[in-house]
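The values are calculated or read from the model by the stated rules, or taken from the named source; none is laboratory data. Because the structure is predicted, anything quoted here is derived from the model rather than measured. Every residue, glycine as well, gets a Cβ built from its backbone with ideal geometry; the counts of neighbours run over all protein chains shown. Side chains are part of the model used for accessible areas, which takes the heavy atoms of the whole protein and leaves out ligands, DNA and RNA. Shrake-Rupley method; radii C 1.70, N 1.55, O 1.52, S 1.80 Å.
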Amino acid sequence: MADDTASPFGPLLLELARMRKSTLSAAIDDVDKIIDLLTAAREQVAAEDDSHRTMMALTTLQNPVKSRLEAINTDLKDVNKAQKAFGKALDKALPQRHLPMETDAMADQSDLINRAIVMHLLREGQFDVASTFVREARDNPLEARHSSRQTPTPSQVDADGDDDMDGPDGHEDDDEDDEDEDEYEDDFMWGKDDHDSFESITAQLDGRHGGLQEKFSEMYDILSELRQHNLSPAIRWAHDNNTQLEAKGSNLEFELCKLQFVWLFRGPAVNGLPDDGHNGHEGALLYARQHFGRFQARHLREIQQLCCALVFAGNLEASPYSRLFRVDTAFEEVSASFTREFCSLLGLAAESPLYVAVTAGAIALPRLIKYTTYMREKKTEWTTENELAFETPLPPSMIYHPIFVCPVSKEQTTEANPPMLLPCGHVICHDSLKNIAKGSRCKCPYCPTEGHIKDAIRITL
């Protein structure tokens, strides 16, 4: 058997074993013994009427308690020593190190970073913080602007020998490109050299895109009402935007109305609303007559189930419709649906891209550090620029782009022609894999790696 101490983690494993042995069990036992001594002494003192015997009992108790206290201190010192030794071994075996990257991938993307931060703050309802960020970025342009826009580097000098800075489309920022500059500014980008760039951005926050700040403020107002079990503002918003929602295949308005029916059906004992003709079973039936008519074409079966549940009102929990009237998580679910549809109408994802990027990066970072360190030790590099050579295990909520275009055939994959993961980590479609195969073996078209066709894995997007 190999000696574990020969490995770089040998000392760490030894210190871990010592720390596991140095527990607080001995100290706890000593504390229990002191409690037993004190309890016995108290009982003896309570039983004795002679003060002389009481003093003798207390004097006899002094040395055992003192020795136990010293034992407790010794036990705690041993535990503390073992923990410190393990901490030093851990720091030595796993030193802190930076990600070994050739270049900072985001160094040239300060504009996008600033935009992502402001958009995230707006989506989170931190409007004052977003305004402060824009103001400070404007007042400190060196932190917000692309460094190359201040001082051109040799790689940025134009082919004609001048040092004019190129615009975002690759052309010089002359008077003929004013229209391109306007489009660039409309895309909510930082880094403009004109004096009014941040004023334009502030105006975009308050007015452009239908007034993003105003829109998100409306969303949070409605969500606040939903948390208080008030569905009316959300239903009103869904009704006003019903055309766009139905075009996207959304059932948000009906889901809100259905929950309103259920909420009224549960009665004043649950919903806390006034006990009148607009609440309880009578109020729910009245609401269904007023609002369910326009949903019959798409949701007739669900409407029938809701209305038939009135027959079982006396014993709803034993009825086949009890699941429709559970409201434990109904408001949280409808709030999530509302947020998703609201952002969808704004052309935005339900979750902040900045949050998704940071979370996915945190998940992928350990594997990335391990892989890049290994590649450096082997003195090899990735074979494809801007492409990871391994798959990062992300949760299903962060899996995007279900459409894959084969880089070899330039065709979109289908069920009959699915994407295949080669042993080297590159992905091509099944037909391309068959075309490059020679017998049972194949060579990756992007790197010198060879392997068996049977080792290729089908990817489900």
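Side notes on the structure shown:
- Unit charges on C-beta of K, R, D, E only; dipole of the stretch 401-458, Debye: 180
- Accessible surface, per residue, of the stretch 401-458 when the full set of protein chains is kept, probe 1.4 Å, Å²: 62
- Reachable lysines from residue 66, criterion Cα separation under 23 angstrom, eight or more residues apart if same chain: 33, 77, 81
- Ranking 46, 62, 93 by Cα position along the charge dipole of the stretch 9-93, where only Lys, Arg, Asp and Glu carry charges on their C-beta atoms, puts 93 farthest toward the positive end.
- Legend: calculated FRET efficiency, residue 340 to residue 20, from the Cβ-Cβ distance at R0 = 51 Å, rounded to 0.05, equals 0.60.
- Between residue 373 and residue 443, the FRET efficiency estimated from the beta carbon spacing at R0 = 22 angstrom works out to 0.20.
- Förster radius 35 Å - calculated FRET efficiency between residue 139 and residue 332, Cβ distance, rounded to 0.05: 0.30
- Computed packing ranks the peptides 73-84, 117-128 as 117-128, 73-84, most packed first, by mean other Cβ atoms within 10 Å.
- Label zone at residue 225 (point 7 Å along Cα-to-Cβ), backbone N below 18 Å, the stretch 306-343: 331-343
- Full-stretch length increase - residue 50, residue 217 - with 0.36 nm per residue and alpha-carbon distance subtracted: 52.2 nm
- Working ranking of peptides 417-428, 297-308, 250-261 by packing, defined as the average number of other Cβ atoms within 10 Å per residue, highest first, is 250-261, 417-428, 297-308.
- Mean-position separation - Cα centroids, the stretch 231-280 and the stretch 11-37, in angstrom: 60
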